[in-house]
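First up is the structure itself, then whatever we jot down about it.
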Amino acid sequence: MIYKRSSALFAEAQKVIPGGVNSPVRAFKAVGGDPIFVKEAKGAYLYDEDGNRLIDYINSWGPMILGHAHAPVVDAVIDKTKKGTSFGMPTEIETEIASLAISMVPNIDKIRFVNSGTEACMSAVRLARGYTGKDKIIKFAGCYHGHSDSFLIQAGSGAVTFGSPNSPGVTKGTAQDTLLATYNDLDHVASIIDSNKGEIACIIIEPVAGNMGCIPPAKGFLEGLRSLCDTHDILLIFDEVMTGFRLAKGGAQELLGVNADIVTFGKVIGGGLPVGAFAARSEIMNHLAPLGPVYQAGTLSGNPLAMAAGLAMLTELNEKKEIFKSLADKTEYLHKGIARVLNEENITHTINRVGSMISVHFSADPVIDFASAATGNNDTFKKFFHGMLENGIYIAPSAFETWFITEALTYEDLDETIEAVQKVAKTL
């Protein structure tokens with residue numbers, strides 16, 4: 001395929017946008033080459049500025065469950081746009097989508113809308129600190145909760161005790177309040193709690209990790225976290241920015257049968273428009289201003305366009321419950337097809353899958369946490385990524401990102417993808 005215009009556009013973008021992109025992973029730094037500039041999308045397909053058609057497996061990093069430019073969502077946005085794009089005042093549609101979301105998700109009574117997943121997670125942690133009166137938080141290596149300072153903490157010697165920021169601009173004081181744990185290692189979490197008794201406000205986790213590839217929770221892991229939190233008066237926060245309304249109508253809480261104290265959402269809840277939300281039981285949410293002392297605000301929160309898109313999306317997901325089984329079936333079909341091909345070609349790999357999230361790791365060992373995800377052969381992934389791209393398949397330009405399946409994908413699209421894997425595997 002030819003990407004002449006995309007390369008030219010990237011060169012122009014670099015003159016006026018840092019790195020030429022408005023989010024770092026888009027820059028193809030992890031895989032090499034120039035990023036693809038999208039012109040439009042429909043259903044399961046992207047159409048780039050050079051006229052290439054690509055089968056899309058990132059789907060705007062998750063929200064396009066029903067496909068790009070899904071008619072009910074587009075129509076809702078257009079209709080709402082004609083009546084005004086932003087007011088900074090309450091609108092009825094905010095209550096409508098809030099009521100629908102609460103009816104779909106277990107264990108929440110109230111929800112507040114914000115403008116991004118980052119903002120949702122940042123606000124959830126602030127609420128947890130305000131509610132518990134404690135300062136420290138536990139997060140997991142490899143779990144991404146946005147670019148708020150509290151979350152940009154790396155692993156390494158002494159990280160659990162003292163904290164170490166992995167981005168300039170994050171203060172050591174902030175880092176010291178973030179304690180880093182190993183995903184799927186309950187004993188490690190327990191040891192951190194024992195070393196910081198009475199100081200931990202919350203544990204925040206992706207219940208199914210998506211930012212080190214797709215990594216499911218080990219049997220009993222989330223249940224163990226729930227028990228530890230109950231024992232030590234710690235709030236459990238599920239970051240469901242990826243999994244919410246994707247893995248099941250009620251997200252990971254419903255699918256896995258474990259309740260969190262606070263849940264954060266993004267992506268899907270706005271039908272692909274910029275939006276986020278956090279939700280909990282009334283006794284927790286009532287600590288937010290204007291009812292309580294924990295301040296959180298946003299001029300564009302509950303933006304009518306995002307609310308209209310989200311309401312259209314959630315309404316369809318709520319009414320057509322068979323979508324989640326269909327998504328899971330398609331993902332399983334893709335999994336089996338890719339595994340068969342890679343086994344036939346003797347390509348070392350591990351595939352993880354939960355619902356409509358899947359990732360291919362070029363690693364011989366099970367991928368259960370960030371450390372094991374990092375053992376994958378990145379050179380092989382780079383060749384795989386560019387080979388798939390040349391065959392019209394767009395996957396995330398990073399070995400540490402999950403693929404997202406959309407209902408708009410047909411089994412013919414899945415077969416085309418498997419055939420592309422077969423071609424590429426012969427070159428690895």
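So, for the chain, what is the accessible surface per residue at a probe of 1.4 Å, expressed in square angstrom?
42 Å²
Pop a pseudo-label 7 angstrom from the Cα along the beta-carbon direction at both SER148 and ASP79 and give the gap in nm to one decimal.
3.4 nm
Between rounded, prolate and oblate, where does the range 1-119 land on the alpha carbon gyration tensor, with a ≥ b ≥ c its root eigenvalues, rounded for a/c under 1.5, else prolate if a/b exceeds b/c?
Verdict is prolate for the range 1-119.
Tell me which trypsin sites (Lys or Arg not before Pro) from the range 187-280 have a DSSP coil assignment and no more than 15 other beta carbons within 10 Å of their own.
For trypsin sites (Lys or Arg not before Pro) across the range 187-280 that sit outside H, G, I, E and B with at most 15 neighbouring Cβ atoms in 10 Å, the list reads LYS197, LYS219.
Between MET89 and ASP329, what is the label-to-label distance in nm when each label sits 7 Å out along the Cα-to-Cβ direction?
Each label point lies 7 Å from its Cα, and together they span 4.9 nm.
Roll a 1.4 Å probe over the protein heavy atoms and report the accessible area of THR231 in Å², nearest 10.
Around 100 Å² of this residue is reachable by solvent.
Scan the chain and report its longest stretch carrying no chymotrypsin sites (Phe, Trp or Tyr not before Pro) that are both in a DSSP loop and have at most 14 other Cβ atoms within 10 Å.
The answer is 88-294.
Can you send over the solvent-accessible area of VAL341, 1.4 Å probe, protein chains only, in Å² to the nearest 10?
Looks like 0 Å² after rounding.
Ignoring ligands, DNA and RNA, what percent of the accessible area of the chain is carbon or sulfur (1.4 Å)?
Whole-percent figure for carbon plus sulfur exposure: 52.
Quick one: of LYS172/LYS197; LYS321/LYS383; LYS336/LYS382; LYS267/LYS426, which pairs are farther than 26 Å apart, Cα to Cα?
Table pairs above 26 Å Cα-Cα are LYS321/LYS383; LYS267/LYS426.
Restricting attention to the range 36-117, which trypsin sites (Lys or Arg not before Pro) occupy a DSSP loop and are surrounded by at most 12 other Cβ atoms within 10 Å?
Answer in residue order: LYS82, LYS83.
Considering only DSSP beta bridges with both partners in the chain, what is the antiparallel share in %, to the nearest 5?
60 percent
Would you grab the residues whose amide H sits under 5 Å from the one on CYS202? Only those 5+ places off in sequence or on another chain, please, with H modelled 1.01 Å from N.
When sequence neighbours closer than 5 places are left aside, the close amide H contacts are ILE138, LEU235.
Amide H to amide H, which residues 5 or more places from VAL114 or on other chains are under 5 Å from it, using H placed in the peptide plane?
Amide H neighbours of VAL114, under 5 Å, 5+ apart: GLY276, ALA277, PHE278, GLY302.
The values are calculated or read from the model by the stated rules, or taken from the named source; none is laboratory data. It should be emphasised that the depicted structure is a prediction, and the values quoted were computed from it without experimental measurement. Because the Cβ atoms are built from the backbone with ideal geometry, glycine has one as well, and the counts that use them run over all protein chains shown. These accessible areas exclude ligands, DNA and RNA; they are computed on the full protein's heavy atoms, side chains included. Shrake-Rupley method; radii C 1.70, N 1.55, O 1.52, S 1.80 Å.
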